Amino acid sequence: MKPKLYKAIGLMSGTSIDGIDAALLETDGMNLVRPLAFMPTPYESSFRQRLRQAFGDPSGTKNPEVAALERDLTELHAAVVEKFLVLLNGKARDVDLIGFHGQTLFHDPAKHITIQIGDGALLASIAGIPVVNDFRSADVKAGGHGAPLVPLYHRALAAKLPKPVAILNIGGVSNVSWIGGDGDDEIIAYDVGPGNAMIDDWVLKHTGLAYDEYGLIAATGHVVPAIVEKCLAKSFFRKKPPKSIDRNAFEVPIPNDLNVADGAATLTMITARAIARGLEFMPQQPRHLYVTGGGRLNNTLMRWIADLTNVPVSPVDELSWSGDGLEAEAFGYLAVRSRLGLPLSVPGTTGVPQPMTGGMLHVPDATSTNTNRAS
């Protein structure tokens, strides 16, 4: 008997806080993945600022302002689902499951704490579709880092690519998946350091622009080597995987009087150098490095990564993958795996002691079902 195929919507709001990505895919939760559609929805600047102000707060929804933010975030996601279904000429009954990542506000796996806001029960009630959320908590409670969680989806997508291969995601934080084969012992993944977050924050502060489009600002600046070296001296970069890092963990001592182009160039080089150093922890050098996330559109960053790693570097779009929608697709895939009781993480991806499933299932007008357990 062939495995059941599920149609799942994945919803992702990443550490770049640019908006909500929605993706539809068909999958058996194992080897078959068929992306079907993708729709990005940008946040209004006022809501983006509310999220930015909530970063780093370990109290989560115990803070009344964060509780209100969670409700608003959830309602925005519900509106995205409604709009997405209209775009697809579909109805709620056509979708089996929603994978709802929510928004990470605080991440400190050393203290067994990870906080993502997003009310799965409310989303299920509004959308009329079962929802899986809270993907990271079980892993963190079991001693893992709870991140990155996308690697098992990377492995499914990369099944036919020559190995070893590496998939680099450059969002607010950069993380990488090294895939040597099909087995759980042939995949490792970890955060390598900052991604777009520091660059975006700098450019926003000094120009009012949300990001450095195509890396054009950085391309006109000069890197300040002393600042790069001071940042890369942090112990995180010497630590062996598994490892993960919070969006706001890097404080770079950039003088306020540094011009915008030199600051952008310096921060871009920090990201590129961090990625190059991260590749040194791989069992073998990958034959190719494919890049997803917003960072793949930064031509300056991509060029510097290629120069520093001596590995062929390409955007995942060359594989006909969705460079913008990949993470959203992954959480649709992980929702199906959660529903089936399959692992969302393995020791090589998050450092969890054993393969671990997770997630919280919310059925419309029913009680939530906790699926957090070891596989």
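The values are calculated or read from the model by the stated rules, or taken from the named source; none is laboratory data. From a predicted model like this one, the values you see are computed outputs, not experimental measurements. Note that we place each Cβ from the backbone using ideal geometry, even for glycine, and neighbour counts take in every protein chain shown.
Suppose the filter is surrounded by fewer than 22 Cβ atoms within 10 Å (Cβ to Cβ), acidic (Asp, Glu), within 28 Å of PRO148 (Cα to Cα) and at pLDDT 95 or above; does GLU213 pass it? Here the answer is yes, as GLU213 does meet what is asked. Restricting attention to the range 256-277, does a residue exist that is outside the structural domain of GLY351 (by TED's automatic domain parsing), at pLDDT below 95 and among the hydroxyl-bearing types (Ser, Thr, Tyr)? Within the range 256-277, none of the residues are outside the structural domain of GLY351 (by TED's automatic domain parsing), at pLDDT below 95 and among the hydroxyl-bearing types (Ser, Thr, Tyr). Report yes if ALA189 is hydrophobic (A, V, I, L, M, F, W, C), crowded, with 24+ Cβ neighbours inside 10 Å and in contact with a Leu (Cβ under 6 Å, 6 or more places away or on another chain), otherwise no. Here the answer is no, as ALA189 does not meet what is asked. Determine whether SER13 is polar (S, T, N, Q), under 20 Å from the mean Cα position of the chain (by Cα) and at pLDDT below 95. The answer is yes for SER13.
Applying the condition of being within 24 Å of the chain's Cα centre (by Cα) and part of a helix (DSSP H, G or I) to the range 219-238 and asking which residue is surrounded by the most Cβ atoms within 10 Å (Cβ to Cβ) yields CYS231.
In the range 118-129, the count of residues that are of a type in the set (Val, Ile, Thr) and surrounded by fewer than 20 Cβ atoms within 10 Å (Cβ to Cβ) is one or more. Could you tell me whether the range 324-332 includes any residue that is surrounded by fewer than 22 Cβ atoms within 10 Å (Cβ to Cβ) and under 16 Å from the mean Cα position of the chain (by Cα)? Yes, there is a match, as at least one residue in the range 324-332 is surrounded by fewer than 22 Cβ atoms within 10 Å (Cβ to Cβ) and under 16 Å from the mean Cα position of the chain (by Cα). Taking the range 145-171, which residues are in contact with a Leu (Cβ under 9 Å, 6 or more places away or on another chain) and part of a helix (DSSP H, G or I)? Within the range 145-171, LEU152, TYR153, HIS154, ALA156, LEU157 qualify. Taken over the range 28-38, the residue count meeting the criterion of being within 20 Å of the chain's Cα centre (by Cα) and either crowded, with 18+ Cβ neighbours inside 10 Å or closer than 22 Å to ASP200 by Cβ (or both) is 4.
Criterion applied to PRO343, PRO315, PRO353 was being touching an Asp or Glu at 6+ places or on another chain (Cβ under 9 Å) and either at pLDDT 95 or above or of a type in the set (D, E, K, R) (or both), and the one residue passing it is PRO343. The set of residues in the range 1-53 being assigned to a loop (DSSP other than H, G, I, E, B), of a type outside the set (D, E, K, R), closer than 18 Å to THR104 by Cβ and touching a Phe, Trp or Tyr at 6+ places or on another chain (Cβ under 9 Å) consists of SER13, THR15, SER16, ILE17. Could you tell me whether GLU65 is acidic (Asp, Glu) and assigned to a helix (DSSP H, G or I)? Criteria met by GLU65. Summed over the range 39-75, residues that are charged (D, E, K, R), without any contact (Cβ under 8 Å) to a residue 24 or more places away in the chain and surrounded by 14 or more Cβ atoms within 10 Å (Cβ to Cβ) total 1. Might you let me know whether the range 302-318 holds any residue that is crowded, with 23+ Cβ neighbours inside 10 Å, part of a loop (DSSP other than H, G, I, E, B), in contact with a strand residue (DSSP E or B) (Cβ under 6 Å, 6 or more places away or on another chain) and not aromatic (Phe, Trp, Tyr)? No, the range 302-318 has no match at all.
Filtering the range 261-298 to residues that are part of a strand (DSSP E or B) and either touching a Lys or Arg at 6+ places or on another chain (Cβ under 8 Å) or surrounded by fewer than 23 Cβ atoms within 10 Å (Cβ to Cβ) (or both) leaves only LEU289.
Among the residues examined, ILE187 qualifies as within 27 Å of TYR153 (Cβ to Cβ) and not aromatic (Phe, Trp, Tyr). Scanning the range 83-103 for residues that are surrounded by fewer than 17 Cβ atoms within 10 Å (Cβ to Cβ) and either in a helix (DSSP H, G or I) or of a type in the set (Asp, Glu) (or both) yields LYS83, VAL86, LEU87, ALA92, ARG93, ASP94. Checked against the criteria, ARG339 counts as assigned by TED's automatic domain parsing to the domain that holds PRO130, surrounded by fewer than 23 Cβ atoms within 10 Å (Cβ to Cβ) and assigned to a helix (DSSP H, G or I).
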